[in-house]
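Data first, discussion second: the structure below is written as structure tokens.
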Amino acid sequence: MKIVLLAEEARTEAMIGALVQLWEASVRPTHLFLSESDIVELRPQVSQALRGVRALAVALGEGGAPEGFLGVEDGKVEMLFVSPASFGQGVGGLLLDYAVEALGARGLDVNEQNPRARDFYEHRGFAVVGRSDFDDQGRPFPLLRMELKR
């Protein structure tokens, strides 16, 4: 497993497409509060976010295929998703450690309706410091604001 930081020119259509597919595969078993229409609506937004996030790190498996990715902007983890085939194998932890150690991330938001993700972040040293009834796009998906406490 290796983590690579993708420069803008490395964010090819093929790579963005693979990461959007990974995002969708990851979201379906973990974000059960999202409807099919929510996922369809979010897909192009995820693609745009992948192109625009300042730091985009990808965990590549032995064959070079992405197993997870994260985006960091201004000290905040904006996205972290892992392929279901890699759940529980340490990929998310490696990416989060990279975000903290190499990219200076100290904060993140997590969907309140995704308690496994909250548990993961708390186990990694983050603590809830606030809450919002809506996500950043104004949708009724409550967010927990978390900050690194270790």
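Does Phe141 satisfy the criteria of being of a type in the set (Phe, Trp, Tyr), within 18 Å of Ile39 (Cβ to Cβ) and touching a strand residue (DSSP E or B) at 6+ places or on another chain (Cβ under 8 Å)?
Working: of a type in the set (Phe, Trp, Tyr): yes; within 18 Å of Ile39 (Cβ to Cβ): yes; touching a strand residue (DSSP E or B) at 6+ places or on another chain (Cβ under 8 Å): yes.
Answer is yes for this residue.
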Inset, instruction - Write out, first by first residue and then by second, each pair whose Cβ atoms fall under 7 Å of each other, whose residues are 6+ apart or on separate chains, and whose first residue, in segment 51-70, is small (Gly, Ala, Ser) while the second is assigned to a loop (DSSP other than H, G, I, E, B) and at pLDDT below 95. - result: Ala59/Met1; Gly61/Met1
Inset, instruction - Considering only segment 11-56, state which residues are over 23 Å from Arg116 (Cα atoms), of a type in the set (D, E, K, R) and assigned to a helix (DSSP H, G or I). - result: Glu13, Glu41, Arg51
Inset, instruction - Residue by residue through segment 84-115, note down the ones that are in a helix (DSSP H, G or I) and of a type outside the set (A, V, I, L, M). - result: Pro84, Ser86, Gly92, Gly93, Asp97, Tyr98, Glu101, Pro115
Legend entry - Count of residues meeting criterion [farther than 16 Å from Val4 by Cβ and acidic (Asp, Glu)] in segment 68-103: 3
Inset, instruction - Among the numbered conditions (1) in contact (Cβ under 8 Å) with a residue 40 or more places away in the chain; (2) open to solvent by 20 Å² or more (accessible area, probe 1.4 Å); (3) not polar (S, T, N, Q), tell me where Val91 comes up short. - result: (2)
Legend entry - When residues of segment 1-23 are limited to those that are in contact (Cβ under 8 Å) with a residue 40 or more places away in the chain and of a type in the set (Val, Ile, Thr), the one surrounded by the fewest Cβ atoms within 10 Å (Cβ to Cβ): Val4
Legend entry - Total residues in segment 132-148, condition modelled with pLDDT of 95 or more, under 19 Å from Leu80 (Cα atoms) and of a type in the set (D, E, K, R): 2
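For segment 58-77, how many residues meet the condition of being part of a strand (DSSP E or B) and either in contact with a Leu (Cβ under 8 Å, 6 or more places away or on another chain) or open to solvent by less than 30 Å² (accessible area, probe 1.4 Å) (or both)?
Kept after step one, since they are part of a strand (DSSP E or B), are these residues of segment 58-77: 58-60, 66-73, 76-77.
Subset that is either in contact with a Leu (Cβ under 8 Å, 6 or more places away or on another chain) or open to solvent by less than 30 Å² (accessible area, probe 1.4 Å) (or both): 58-60, 66-72, 76-77.
Selection size over segment 58-77: 12.
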Legend entry - Test: Leu103 is of a type in the set (A, V, I, L, M, F, W, C) and in contact with a Ser or Thr (Cβ under 8 Å, 6 or more places away or on another chain): no
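Being assigned to a helix (DSSP H, G or I) and open to solvent by less than 40 Å² (accessible area, probe 1.4 Å) is the filter here, so list the residues in segment 121-136 that pass it.
Going residue by residue through segment 121-136, those that are assigned to a helix (DSSP H, G or I) are 121-123.
Correct list: Tyr121 only.
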Legend entry - Matching entry among Arg145, Arg139, Arg150, Arg118 (being open to solvent by 80 Å² or more (accessible area, probe 1.4 Å) and outside any helix (DSSP H, G or I)): Arg150
Legend entry - Any hit, segment 24-35, residues being at pLDDT 95 or above, open to solvent by less than 20 Å² (accessible area, probe 1.4 Å) and under 15 Å from Val91 (Cα atoms): yes
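The values are calculated or read from the model by the stated rules, or taken from the named source; none is laboratory data. Since the structure is predicted, the reported quantities are computational estimates derived from the model, not experimental observations. A quick note on method: Cβ atoms are made from the backbone with ideal geometry, for glycine too, and the neighbour counts reach across all protein chains shown. Accessible surface areas use protein heavy atoms only, side chains included; no ligands, DNA or RNA. Shrake-Rupley method; radii C 1.70, N 1.55, O 1.52, S 1.80 Å.
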